[in-house]
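Everything below concerns the one structure shown next.
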Amino acid sequence: MKRAKGNVLTNSDLSRYRRQILYPSFGWQGQEKLKRSHVVVAGLGGLGTSASIYLACAGMGHITLVDCDRVELSNLNRQILYWDEDIGEEKPFSAARKLAKLNPSIKISPLLERITQGNVRGIIMRADVVIDGMDNFETRFILNSACVAERIPFIHGGVNGLIGEVTTIIPGETACFACIFPEAPKNKGVIPVFGMAPALIATLQVMEVVKLLTGFGNLLTNRMLYIDGEGMEFTIANLAKNPECRVCGGSES
Ligand SMILES: [Zn+2]
């Protein structure tokens, strides 16, 4: 196997990621790009925990994990980085500890914070991409506005029961989250969720991240993929910028 000029990848990296480096449109160049990349996982629930496992496996060089909650028993059916013994622990630190064992060669930054208008820019500023692991629209709107302002791609995911959705938002190129959802839908309170739904959506989010960062394949840009686990149907809806969008104004740049 050819080594990169800058020797960014170690022998251990070449071994750990061998099976994905073999993928022709990815190769060691793709692996190097991942190693140099920084992903922010915003929210460490069902989506964020599943996504961060696959980000760590894939060799993302730096992962920032953001959440403000502690682990509860009722989280364990879907938030797979937390185990029974972790109940009461702060989520970012519990998650970081597991991920460091899974892949000690990457940098993991746990951040125990509630994402607000005031701190969001500081949290996402140096990220190459942000993963939406939230369970509420208010914080998604905050993240979307900051991602549009900083021109950072935002991979939206959402679940309810056995259904889910995912789309890739690239500021200046695609519809933003506020183009797609001009207003938050009515709050339904605590929604039912099976663990399989966020697991599926989260792996799709990471698949988008890997392709986006390394530049191959087709992305879910201006397209929303809907999964329906009960009917076992996967459908895609085309999305468009809203020229009256309060966040991006539907603008090209
Ligand atoms: Zn917009």
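The values are calculated or read from the model by the stated rules, or taken from the named source; none is laboratory data. Owing to the predicted nature of the structure, the values given are computational and were not obtained by experimental measurement. Positions of Cβ are backbone-derived with ideal geometry, glycine not excepted, and every protein chain shown enters the neighbour counts.
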Task: Filter result for Asn187 (away from the ligand (no atom under 14 Å from the Cβ), surrounded by fewer than 21 Cβ atoms within 10 Å (Cβ to Cβ) and modelled with pLDDT under 95) - done: yes
TODO: Provide a single number: the residues in the range 197-209 that are touching a residue at least 40 places away in the same chain (Cβ under 8 Å) and touching a Gly at 6+ places or on another chain (Cβ under 8 Å).
DONE: 7
Open item on the list: Consider the range 21-49. How many of its residues are within 22 Å of Glu138 (Cα to Cα) and among the small types (Gly, Ala, Ser)?
Closed with: 5
TODO: Within the range 150-166, identify whether any single residue is at pLDDT 95 or above, farther than 16 Å from Arg246 by Cβ and of a type in the set (Lys, Arg), and answer yes or no.
DONE: yes
Task: Residue tally, condition more than 30 Å from Lys35 (Cβ to Cβ) and of a type in the set (Gly, Ala, Ser), over the range 48-102 - done: 2
Task: Candidates Leu143, Leu111, filtered to the one that is closer than 28 Å to Lys241 by Cα and among the hydrophobic types (A, V, I, L, M, F, W, C) - done: Leu143
- [ ] Determine whether Ser12 is in contact with a strand residue (DSSP E or B) (Cβ under 7 Å, 6 or more places away or on another chain), touching a residue at least 40 places away in the same chain (Cβ under 8 Å) and either part of a strand (DSSP E or B) or among the hydroxyl-bearing types (Ser, Thr, Tyr) (or both).
- [x] no
Task: Hits in the range 159-173 (condition: crowded, with 24+ Cβ neighbours inside 10 Å and either more than 16 Å from the ligand (Cβ to nearest atom) or closer than 18 Å to Ser52 by Cα (or both)) - done: Val159, Gly164, Val166, Thr167, Thr168
TODO: Would you mind telling me which numbered condition in (1) farther than 19 Å from Pro185 by Cα; (2) more than 14 Å from the chain's Cα centre (by Cα) Ile155 fails?
DONE: (2)
- [ ] Sort through Phe177, Phe194 and tell me the only one that's within 16 Å of the ligand (Cβ to nearest atom), of a type in the set (A, V, I, L, M, F, W, C) and in contact (Cβ under 8 Å) with a residue 12 or more places away in the chain.
- [x] Phe177
Open item on the list: Any residue at all in the range 5-25 that's out of contact with any Asp or Glu (no Cβ under 9 Å at 6 or more places or on another chain) and at pLDDT below 95?
Closed with: yes
Open item on the list: Among the residues that make up the range 217-229, is at least one of them free of Cβ contacts under 8 Å to residues at least 24 places away in the same chain and away from the ligand (no atom under 16 Å from the Cβ)?
Closed with: yes
Open item on the list: Take Phe194 and tell me if it is touching a Cys at 6+ places or on another chain (Cβ under 9 Å) and among the aromatic types (Phe, Trp, Tyr).
Closed with: no
